[in-house]
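The values are calculated or read from the model by the stated rules, or taken from the named source; none is laboratory data. Small disclaimer: the values here were computed from a predicted structure and weren't measured. All Cβ positions, even for glycine, are placed from backbone atoms using ideal geometry, and neighbour counts span all protein chains on display.
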Amino acid sequence: MDEVWKYVMVYATLMAALVIEVALAVNWRTLGPLSTAGVLAIASLQAVFGFLYYMHGIYGSRSITLMMILSLAVIIPLFIAFLFSIEFPPHITQITEG
Amino acid sequence: MEGKEQTRVNPLIVWLFTTNHKNVGILYLVTSLYFLVVAGILALTFRIQLTVPENNFLTASAYNQAVTAHGLFMLLWVVTPLASAFANYVIPIQIGAKDMAFPRLNALSYWLYLASGIMALSSFFAPGGTADWGWTTYAPLNTLQYSPQAGGSLMGLAIIILLSSSIVATINFMVTIFRLRAPGMKLMLLPLFSIFWLVTIFLMLWAFPAFLAPLILLVADRVLGTVFFTSPEGGALLWDHLLWFFGHPEVYILLLPGLAITGDILAVFSGRKLYAKKVIVGALIVAAILSYIVWVHHMFMTGIHPGLREAFNITTELISIPFGVITISYILTLVGGKIRFTTPMLFAIGALALFIIGGASGVFNSSVALNFGMRGTFWVVGHFHYTIVGGGITGLIAGLYYWWPKMTGRMFNEKLGKLHFIIYMIGFNLLYFPMHALYDMPRRIYVYEAATGWGPINMLITMGGFLFGASFILFFWILLDSLRRGPVASDDPWNAKNYSIEWNVPSPPPEFNFPEGKVPVITAQGLEFRSINEIVGGPVSGISARIGPSKAPNIPANGGTPMEHHGPHLSPWPFVLSMGVAMTLLGLFFGPGLLILGLAVFIGSLVGWGWEDLKERFHVAIEALGEKWPFDKVENHTFAMWVFVFGEIGLFGPLFMAYFFVRANASLTGFAWPLPGQIHDITLGALNTILLFTSGLTMSLALIGAKRGEEDLLRAGLVATFILGAVFLAVKGFEWSELFAEGITFGSDISASLYYVLTGIHGAHVLAGLIALIYLIIKAYKGGFSPHRHVGVEAFAIYWGMVDAVWMFLFPLFYLI
Amino acid sequence: MAAPAPSADIWHSLFNFYLTSAITISAVVFAIMIYVLIRYRSRGEANPGDPEYRIGDLSQRGSVKVAIALTIILGVLFLGLTTSTFSAMEFMEEIPEDNPDALHIKVLAFQWGWRFTYPNGKTLTGELRVPAGVPVILEITSQDVFHTFSIPAFKVKKDAIPGRINYAWFEGKYAGEYTIRCYELCGVGHAEMLARLLVMEPEQFEKWYEEFSSKG
């Protein structure tokens, strides 16, 4: 039953993470941005677990893991570009109406 | 061109139901040339309009539709499909495979492509005409408010289907090129066309889904009434970034196949090895990586952060370096050779020359400062036609002349071919070169005043356009003439048999490409055809073949005759399914009768396809005997699923980035984002999370059951997964109906739009998973899985894990923060 | 030829520099290519002897040193070219906010035309009047779709995006009449989305502006 047991443990971990996640969002809202960061960090950890176990990435070939990382890396420039498109150019101080 | 055994099947049936890569290649070729003619005629109509100032040949609306359709057709329905035609036809042979990894999916790619083409053409006849916002489809002109015509929405759906077709093809080619190579065929030994196509596939893998993302948002805006591109939080910049994030890899997707063919032909007809092939390939990979980080150069005037623009200015300029290296290496390839100026060679040289000019004008565009002049002018039009038409399409025409004898078994008239080249080059340069002089004239204006002085140059351009168009009439005549009375081609008319495998087999090649019962083997001495037994029997000296799990090669288990209607290599379902999709979506615009019929055909084809699989009526002729680096350890189906998952990251990544952009903008515009628990019930969200997590566990247990041969565990696991997934959808449906009852609809505000569309896309994935589960459950109860045969369960577990992982982010994004 | 605005001066000198470089480089490449094609043309029969390549041959032709050298040369050339334009970019984008004489105009793009709002709150549609020799600062936005504001003769250009304000500036050197155009497809009226730019002698402008301000 070792393999089955392992998956049950993974499941338990995911559920525990879910509990912490909800608690962070509901009970520890006072933490503000820290709470948001915590929630997102837990979601990312869960996704890593999902890749490793539910998608069986841990048993797969290293090339697959590499491609997975590459796929995620492709999104990074988009994130940076969006980040720098939110702010108006630095010399602009006021929003005026046309 | 069918194998002997299929001669008794009606030829129409063969063409509709074929799954052979060579037939699919020819279907792609004919269809893409048809769209080339359509898009070319559209171009000539708007060139007539621009010939003289203040012309009134076309109305503004007709002009805008023609310009838009010309761009979309050429980019999406002509260039890549034309390249796909060659990729389908020659790449399996070049790598030493009998067919593609998934022949039916290959046919599906083609038929979905045709279905999307039919939809795109139909959009002209939808009320109000087709899309008229330019191929770039800038927001918010693309929204219903400013472009109310139904044809625009239909065009959007057509592109979505086209992208789906490309994604299917991407997966298939990725598995084929990585896993079906002949023994000894290392990646670096492949001709440039195969190598470049592999890189192109990598670009498609993430770029096409990234275009799918904004298109889904756009169609949602237009059909469901969401507000992504009308609200200030999303709006123009959201579209701009997502479009161009796809758009720049896309231009290399268009360019690379032609550029690759150019290189191969230069080597073949000079008799010289490629100069520094490793450097060419290295430069190619660098260019491909850079192509993902240059797109902001299309947005230099949008007023976004200057630092970002300077950074993208530099990355854009960096791209000149790898392409410069490739160009120089191509020229150096010729040094010391004996150059034969055949028609394919002339077109290859022409492609290289035009690409150099296009590259030079591109250097101007990379500069932010010069963009104050160039942005949105005919200079840009000239530049990208020199690269995509000059470098890309000219290279593909060279390829068509090059492979024509192989594909048809006929030679063409060389003298006429050379004449075609001369007219083509004169027409091309007369058409596009003067555009550089119009560096003040805006793109896509349907009329201009005489006082601008643009008249004479436009006259010249139109004359060039008609000459260029005429060269295609000659082109088609040459091809038809060759089919009718061209001399029979030998196996190797170009003396290229030492360059790539396809010139070592008959013209046209037999159904499974290679001599009966033999496969190509690459050794240090060259190419040999050896019998399969010889390879499977033991390690062959000089071959680094790793023998995969041996599949019985291509003999139906029941010993059935291969001539049956549902014979091993014919399947009606790719065709029927695609037509079902087209009818359903056309039915949205042209009547509910068509819609219902389409849905019935679609569902029927899913059942039929599944049934064909359960009955094992379709047999794949491939053996995985050779090189599989670096994916040796992954089975074909599992690898295909992984590739699909990587593509899904290309879809969900941009969608999540859209969420981020909208959410961050909302804090600037003062938009009141709903607090956790305010709109979306955290308890219900958490319940759904638990359901999905649990289903992930049950699915993993099912896989363990399949691996161990514990049928009960397998069945229980699959059924439990199905139930949990179904309950998830039910809870989701309940949530949606509650929200609707509260008056929160798709278009209430940007947060509601995001919620509905993102969870909707995820829900659609769950639904698709449930449909696949029905198939798996039936198969499991029929005893279709064993410890050695359970790739279906394994692949599905990966898919289901991905669905879980996406929800892991959706839940906190909408319920918790 | 003197351009009518400092931005156009800079742009044209940059453009000419690029053009000279591009023509020189392309000419060299084409010369080499044509030389190679003529020098190594086949003089014999259609299918000359055995080619150099062979399927399965992993050995490389050419030297990595050439490739590295080429990369460095191209890198220096292209990066030199492109970074040389950053100062021009900064000049064209550096809004002269501190200049007390600068005239502030709000530009509103709409389907299909241009509306200009002066500091006095009055608007002109389809015509912009400014004094010569004075920097004009534009706050550009759109009320409907994506447009691109441009004065082609001045090489001034900026996207007009709904929900965003973009800044641009220009200075007309001499009195004269110029065209303002839209450079992004914005619907059926795109081609006719024009406005007149009237650069006036400062005194004349003063006079007109006073009248304009005092009108009802």
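Listed here are the residues, each with its yes/no results for (1) closer than 17 Å to B:Asp804 by Cα; (2) within 16 Å of the chain's Cα centre (by Cα); (3) basic (Lys, Arg); (4) more than 7 Å from chain B (Cβ to nearest Cβ).
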| position | (1), (2), (3), (4) |
| --- | --- |
| A:Ile42 | yes, yes, no, yes |
| A:Leu45 | yes, yes, no, yes |
| A:Phe49 | yes, yes, no, yes |
| A:Arg62 | no, no, yes, yes |
| A:Ala73 | no, yes, no, yes |
| A:Ile76 | no, yes, no, yes |
| A:Phe82 | no, no, no, no |
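Would you be able to tell me the number of residues in the stretch B:445-456 that are at the interface with chain C (Cβ under 9 Å from one of its Cβ atoms) and under 14 Å from B:Trp379 (Cβ atoms)?
0
Hey, could you check the stretch B:240-276 for residues that are buried (at least 24 other Cβ atoms within 10 Å of the Cβ) and in contact with a Lys or Arg (Cβ under 8 Å, 6 or more places away or on another chain) and say which is farthest from the other protein chains (Cβ to nearest Cβ)?
Among them, the one singled out is B:Phe269.
Take the stretch B:712-730 and flag every residue that is buried (at least 22 other Cβ atoms within 10 Å of the Cβ) and farther than 13 Å from B:Gly696 by Cα.
B:Leu714
Listed here are the residues, each with its yes/no results for (1) in a helix (DSSP H, G or I); (2) of a type outside the set (Gly, Ala, Ser).
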residue: B:Trp135; (1), (2): no, yes
residue: B:Tyr146; (1), (2): no, yes
residue: B:Ser166; (1), (2): yes, no
residue: B:Ser194; (1), (2): yes, no
residue: B:Leu198; (1), (2): yes, yes
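Quick one: count up the residues across the stretch A:19-30 that are within 21 Å of B:Thr689 (Cβ to Cβ), without any contact (Cβ under 8 Å) to a residue 12 or more places away in the chain and part of a helix (DSSP H, G or I). It would help to see each step written out before you state the result.
So in the stretch A:19-30, the residues within 21 Å of B:Thr689 (Cβ to Cβ) come out as A:19-29.
Filter once more, so that each one left must be without any contact (Cβ under 8 Å) to a residue 12 or more places away in the chain: A:19, A:22-23, A:26-29.
Remaining after also requiring part of a helix (DSSP H, G or I): A:19, A:22-23, A:26, A:29.
Of the residues in that region, 5 qualify.
Can you pull out the residues in the stretch B:692-720 that are assigned to a helix (DSSP H, G or I) and not hydrophobic (A, V, I, L, M, F, W, C)? Before the answer, list the steps.
Of all residues in the stretch B:692-720, those assigned to a helix (DSSP H, G or I) come to B:692-708, B:711-720.
Matches in the stretch B:692-720: B:Thr694, B:Ser695, B:Gly696, B:Thr698, B:Ser700, B:Gly705, B:Lys707, B:Arg708, B:Glu711, B:Asp712, B:Arg715, B:Gly717.
Considering only the stretch C:125-159, state which residues are in a loop (DSSP other than H, G, I, E, B) and over 26 Å from B:Tyr146 (Cβ atoms). Show your work before the answer.
Taking the stretch C:125-159 and keeping what is in a loop (DSSP other than H, G, I, E, B), we get C:126, C:132-135, C:143-146, C:155.
Residues satisfying the conditions are C:Ala132, C:Gly133, C:Val134, C:Pro135, C:Lys155.
Determine if the stretch B:430-438 includes at least one residue that is within 14 Å of chain C (Cβ to nearest Cβ), within 34 Å of the chain's Cα centre (by Cα) and either over 22 Å from C:Asn16 (Cβ atoms) or hydroxyl-bearing (Ser, Thr, Tyr) (or both).
No; the residues of the stretch B:430-438 include none that is within 14 Å of chain C (Cβ to nearest Cβ), within 34 Å of the chain's Cα centre (by Cα) and either over 22 Å from C:Asn16 (Cβ atoms) or hydroxyl-bearing (Ser, Thr, Tyr) (or both).
Report, by residue number, each residue of the stretch B:665-716 that is acidic (Asp, Glu) and either within 9 Å of another protein chain (Cβ to nearest Cβ) or over 30 Å from B:Tyr781 (Cβ atoms) (or both).
In the first step, residues of the stretch B:665-716 are kept if they are acidic (Asp, Glu); the result is B:681, B:710-712.
Of everything in the stretch B:665-716, just one residue is acidic (Asp, Glu) and either within 9 Å of another protein chain (Cβ to nearest Cβ) or over 30 Å from B:Tyr781 (Cβ atoms) (or both), namely B:Asp681.
Pick from the stretch B:749-805 the residues that are among the polar types (S, T, N, Q) and more than 17 Å from B:Thr689 (Cα to Cα): which of them is surrounded by the most Cβ atoms within 10 Å (Cβ to Cβ)? Break it down into steps so the answer makes sense when it comes.
Initial filter on the stretch B:749-805 (among the polar types (S, T, N, Q)): B:751, B:753, B:759, B:786.
Then keep just the ones that are more than 17 Å from B:Thr689 (Cα to Cα); that gives B:751, B:753, B:786.
On the way: B:Ser751: 23, B:Ser753: 26, B:Ser786: 11.
Checking each candidate, the answer is B:Ser753.
State yes or no: is B:Phe323 outside any strand (DSSP E or B), at the interface with chain C (Cβ under 7 Å from one of its Cβ atoms) and surrounded by 23 or more Cβ atoms within 10 Å (Cβ to Cβ)? Walk me through it before giving the result.
Values: outside any strand (DSSP E or B): yes; at the interface with chain C (Cβ under 7 Å from one of its Cβ atoms): no; surrounded by 23 or more Cβ atoms within 10 Å (Cβ to Cβ): yes.
Answer is no for this residue.
For B:Ile48, are the conditions met, namely being more than 29 Å from the chain's Cα centre (by Cα), surrounded by fewer than 17 Cβ atoms within 10 Å (Cβ to Cβ), among the aliphatic types (A, V, I, L, M) and modelled with pLDDT of 95 or more?
Values: more than 29 Å from the chain's Cα centre (by Cα): yes; surrounded by fewer than 17 Cβ atoms within 10 Å (Cβ to Cβ): yes; among the aliphatic types (A, V, I, L, M): yes; modelled with pLDDT of 95 or more: yes.
Against the criterion (more than 29 Å from the chain's Cα centre (by Cα), surrounded by fewer than 17 Cβ atoms within 10 Å (Cβ to Cβ), among the aliphatic types (A, V, I, L, M) and modelled with pLDDT of 95 or more), B:Ile48 qualifies.
So which residues in the stretch C:30-59 are in the same structural domain as C:Thr82 (by TED's automatic domain parsing), touching a helix residue (DSSP H, G or I) at 6+ places or on another chain (Cβ under 8 Å) and more than 15 Å from B:Leu266 (Cβ to Cβ)?
Of everything in the stretch C:30-59, just one residue is in the same structural domain as C:Thr82 (by TED's automatic domain parsing), touching a helix residue (DSSP H, G or I) at 6+ places or on another chain (Cβ under 8 Å) and more than 15 Å from B:Leu266 (Cβ to Cβ), namely C:Phe30.
Say we look at the stretch B:137-146 and pick out the residues that are more than 25 Å from the chain's Cα centre (by Cα) and surrounded by fewer than 24 Cβ atoms within 10 Å (Cβ to Cβ); which of these is nearest to B:Leu588 (Cα to Cα)?
Here is the first cut: in the stretch B:137-146, the residues more than 25 Å from the chain's Cα centre (by Cα) are B:140-141, B:143-146.
Then drop every residue that is not surrounded by fewer than 24 Cβ atoms within 10 Å (Cβ to Cβ), which leaves B:143-146.
Numbers: B:Thr143: 18, B:Leu144: 16, B:Gln145: 20, B:Tyr146: 21 Å.
Here the answer is B:Leu144.
Listed here are the residues, each with its yes/no results for (1) surrounded by fewer than 24 Cβ atoms within 10 Å (Cβ to Cβ); (2) more than 14 Å from chain C (Cβ to nearest Cβ); (3) modelled with pLDDT under 95.
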residue: B:Ala39; (1), (2), (3): yes, yes, no
residue: B:Asn64; (1), (2), (3): no, no, no
residue: B:His70; (1), (2), (3): yes, no, no
residue: B:Leu76; (1), (2), (3): no, yes, no
residue: B:Ser84; (1), (2), (3): no, yes, no
residue: B:Leu108; (1), (2), (3): no, yes, no
residue: B:Ser123; (1), (2), (3): no, yes, no
residue: B:Gly129; (1), (2), (3): yes, no, yes
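Taking the residues in the stretch C:169-210 that are over 30 Å from B:Val67 (Cα atoms), assigned to a strand (DSSP E or B) and out of contact with any Pro (no Cβ under 8 Å at 6 or more places or on another chain) as candidates, determine which candidate is nearest to the other protein chains (Cβ to nearest Cβ).
As a first pass, look at the stretch C:169-210 and keep what is over 30 Å from B:Val67 (Cα atoms): C:169-177, C:198-210.
When the remaining residues are screened for being assigned to a strand (DSSP E or B), the result is C:169-170, C:176-177, C:198-200.
Those still in the list that are out of contact with any Pro (no Cβ under 8 Å at 6 or more places or on another chain) too: C:177, C:198.
On the way: C:Glu177: 11, C:Leu198: 16 Å.
The selected residue is C:Glu177.
Considering only the stretch B:296-317, I want to know if a residue exists there that is at the interface with chain C (Cβ under 7 Å from one of its Cβ atoms), under 21 Å from C:Val36 (Cβ atoms) and surrounded by fewer than 24 Cβ atoms within 10 Å (Cβ to Cβ).
Step one: list which residues in the stretch B:296-317 are at the interface with chain C (Cβ under 7 Å from one of its Cβ atoms), which gives B:301-303, B:306, B:310, B:313-314, B:317.
So of that shortlist, the ones also under 21 Å from C:Val36 (Cβ atoms) come out as none.
Looking through the stretch B:296-317, none of the residues is at the interface with chain C (Cβ under 7 Å from one of its Cβ atoms), under 21 Å from C:Val36 (Cβ atoms) and surrounded by fewer than 24 Cβ atoms within 10 Å (Cβ to Cβ).
Quick one: in the stretch B:216-236, of everything that is under 25 Å from B:Gly303 (Cβ atoms) and modelled with pLDDT of 95 or more, which residue is surrounded by the fewest Cβ atoms within 10 Å (Cβ to Cβ)?
Let us first name the residues in the stretch B:216-236 that are under 25 Å from B:Gly303 (Cβ atoms), namely B:217-218, B:221, B:227-236.
Now narrow it down to the ones that are modelled with pLDDT of 95 or more: B:217-218, B:221, B:227-229.
Working: B:Leu217: 26, B:Leu218: 25, B:Asp221: 28, B:Val227: 23, B:Phe228: 26, B:Phe229: 25.
Among residues in the stretch B:216-236 that are under 25 Å from B:Gly303 (Cβ atoms) and modelled with pLDDT of 95 or more, the one surrounded by the fewest Cβ atoms within 10 Å (Cβ to Cβ) is B:Val227.
Does the stretch B:439-454 contain any residue that is part of a helix (DSSP H, G or I) and in contact with a Lys or Arg (Cβ under 9 Å, 6 or more places away or on another chain)? Write out each step before concluding.
Within the stretch B:439-454, the first condition is being part of a helix (DSSP H, G or I), and the residues that meet it are B:450-452.
Then drop every residue that is not in contact with a Lys or Arg (Cβ under 9 Å, 6 or more places away or on another chain), which leaves none.
No, the stretch B:439-454 contains no residue that is part of a helix (DSSP H, G or I) and in contact with a Lys or Arg (Cβ under 9 Å, 6 or more places away or on another chain).
Among the listed residues C:Phe91, C:Phe110, identify the single one that is touching a residue at least 40 places away in the same chain (Cβ under 8 Å), surrounded by fewer than 22 Cβ atoms within 10 Å (Cβ to Cβ) and farther than 19 Å from C:Val199 by Cα. It would help to see each step written out before you state the result.
Values: C:Phe110 fails: touching a residue at least 40 places away in the same chain (Cβ under 8 Å).
After ruling out the rest, the residue left standing is C:Phe91.
How many residues are without any contact (Cβ under 8 Å) to a residue 12 or more places away in the chain and hydrophobic (A, V, I, L, M, F, W, C) when one looks only at the stretch B:604-616? Spell out how you get there, then give the answer.
Filtering the stretch B:604-616 down to residues without any contact (Cβ under 8 Å) to a residue 12 or more places away in the chain leaves B:607, B:611, B:615.
From what is left, the residues that are hydrophobic (A, V, I, L, M, F, W, C) are B:607, B:611.
Within the stretch B:604-616, residues that are without any contact (Cβ under 8 Å) to a residue 12 or more places away in the chain and hydrophobic (A, V, I, L, M, F, W, C) number 2.
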